[in-house]
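Here is the structure we will look at, set down as structure tokens.
The values are calculated or read from the model by the stated rules, or taken from the named source; none is laboratory data. It should be emphasised that the depicted structure is a prediction, and the values quoted were computed from it without experimental measurement. Counting neighbours? That spans all protein chains shown, and the Cβs are built from the backbone with ideal geometry, glycine included. Keep in mind that these areas ignore ligands, DNA and RNA; they rest on the heavy atoms of the full protein, side chains included. Shrake-Rupley method; radii C 1.70, N 1.55, O 1.52, S 1.80 Å.
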Amino acid sequence: MTDFFGTLSPLRYDPESDQMAFRHYNPDEVLLGKRMEDHLRFAAAYWHSFAWPGGDPFGGQTFERPWFGDTMEDARLKADVAFEMFQILNVPYFCFHDADIRPEGATFAESARRFSEITDIFAQKMEQTGTRLLWGTANLFSHRRFMAGAASNPDPEVFAWSAATVKNCLDATHALGGENYVLWGGREGYETLLNTDLAAETEHMGRFLSVVVDYKHKIGFKGAILVEPKPQEPTKHQYDYDVGTVYGFLKRFGLEDEVKMNIEQGHAILAGHSFEHEIAMAQALGIFGSIDMNRNDYQSGWDTDQFPNNVPEVALAYYEILKGGGFTSGGTNFDAKLRRQSLDPEDLIAAHAGAMDVCARGLKAAAAMLEDGTLEQMRRNRYAGWESPDAQAMLGMDLETIAAKVADGKIDPMPRSGRQEILENVVNRFV
Ligand code: XUL
Ligand code: CO
């Protein structure tokens, strides 16, 4: 045991407690026939909680952590503290990038050796604690070599380096029994068209994703390959803008049955959508995978990766998830970080515990809305016209035949209310 978290012990579900505890997240409570823990499948993110120093564009490190440094000893201490936090929070899963867990080496081989030393430690700790890996991923955006992208980089050596990095991270994810592998293309996009060959870059990205999928099958990795869409930050024009854009990209390369989506709340907002829209879109396209749960700063408009604290918003997201049948390999990853003034170890625990409670409340509301059935009944009624044999037959007709039905005077549409306010009032009964 390290002494980082002091006397903090594992949190319990105790709505009456005046100590730090879960007031809503009760892992064993059954909703819609499934335990809450199995619905939500919470994961903590290594990068925000243990690697991020508290900087923003105007100032550097605010946090002081005993493992900040670039030695392997620091990396081992970081792993000890991380698993202690997973235990205190009783989160079933965690997620990591290669760069979060090991110091960069002088060569690729040295970085790889360091990476595998830490993932071996993870394997032991996972065995001891029962914590599982929701997903692994490669950081192909922080180091300066990736400043012009990874797979879309104009330099083929960066493409090769990125491929080798993903291979290592996918191997490690597979060895650790990871349930998914994520690709977030932070710098796959561009700053100025004046130096950019869009056709070449997207072609290279498609090839890159294809070889990752081939390799997954080769090694027998049964988890899902997930792409995480984002429209802005750090590059201005990202190729993986939103779920709809990524689906078009997957179709172009024949990967729509191979790759699913990891949808992040803040990214959905940056794309001008709502979180629940992106989830519902992925469900409609058959590519829903997992979620990154956080929120943006709605005043600054930045992707500030704050812990969620808005139950009605979260409820609508889980409503779409439950409506689509819930998570399979995916889960709720807190891709969220403390505010830079939240210096204390206790802040880290409180942030996650509060977020888990917010998600639990959202889930409970979503389950109740589904069980009540009013919303789905009203949605079905809205499309009821399509249930008639005539309407269905029309979907098999050509344009002229359809037009003839209208010319015959048999069709005369009557506008009907969309009932939005009534639906919103129904939601308000549950959140
Ligand atoms: C960045 C982001 C990443 C991905 C993993 O906005 O969300 O942390 O989730 O690379
Ligand atoms: Co994310």
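The figures follow:
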read-out	value
Surface share of carbon and sulfur [accessible, 1.4 angstrom probe, percent] for region 19-135	47 percent
FRET efficiency for MET1 and ALA106, using Cβ-Cβ distance with R0 set to 41 Å, rounded to 0.05	0.80
Computed over the chain: relative contact order in percent, which uses C-alpha pairs under 8 Å that are six or more apart	15 percent
Rg over Rh [alpha-carbon atoms, Kirkwood Rh] for the chain	1.01
Region 315-355 - Debye-derived log10 I(q)/I(0), Cα point model, q = 0.15, 0.24, 0.25, 0.28 Å⁻¹	-0.53, -0.82, -0.85, -0.95
Accessible area expressed per residue, region 181-273, with surrounding protein chains retained (probe 1.4 Å, Å²)	42 Å²
Area accessible to solvent at SER9, 1.4 Å probe radius, in Å²	70 Å²
Cα long-axis angle, helix 108-129 against the chain (0 to 90 degrees, to the nearest 10)	80 degrees
Relative contact order (%) - region 200-252, alpha-carbon pairs under 8 angstrom, separation at least six	26 percent
Probe 1.4 Å - accessible area at ASP303, Å² to nearest ten	20 Å²
Degrees between helix 243-252 axis and first principal axis of the chain (Cα, 0 to 90, nearest 10)	90 degrees
Local electrostatic count at CYS359 - Lys and Arg +1, Asp and Glu -1, tallied over other residues with Cβ under 15 Å	-3
Region 147-220 - percent of accessible surface contributed by carbon and sulfur, probe 1.4 Å	61 percent
Per-residue SASA entry for LYS260, accessible area with 1.4 Å probe, Å² rounded to 10	70 Å²
Euclidean distance of C-alpha centroids, region 83-148 and region 355-431, integer Å	45 Å
Under 22 Å between alpha carbons - lysine pairs in region 160-281 that sit 8 or more apart or on different chains	13
Cα pair distances exceeding 18 angstrom across region 377-430, given as percent	50 percent
On Cα atoms only, tilt of 275-285 relative to the major axis of the chain in degrees	70 degrees
Computed helical MRE - 222 nm, the chain, DSSP H runs ≥ 4 contributing -39500 (n - 2.57), nearest 500	-14000 deg cm²/dmol
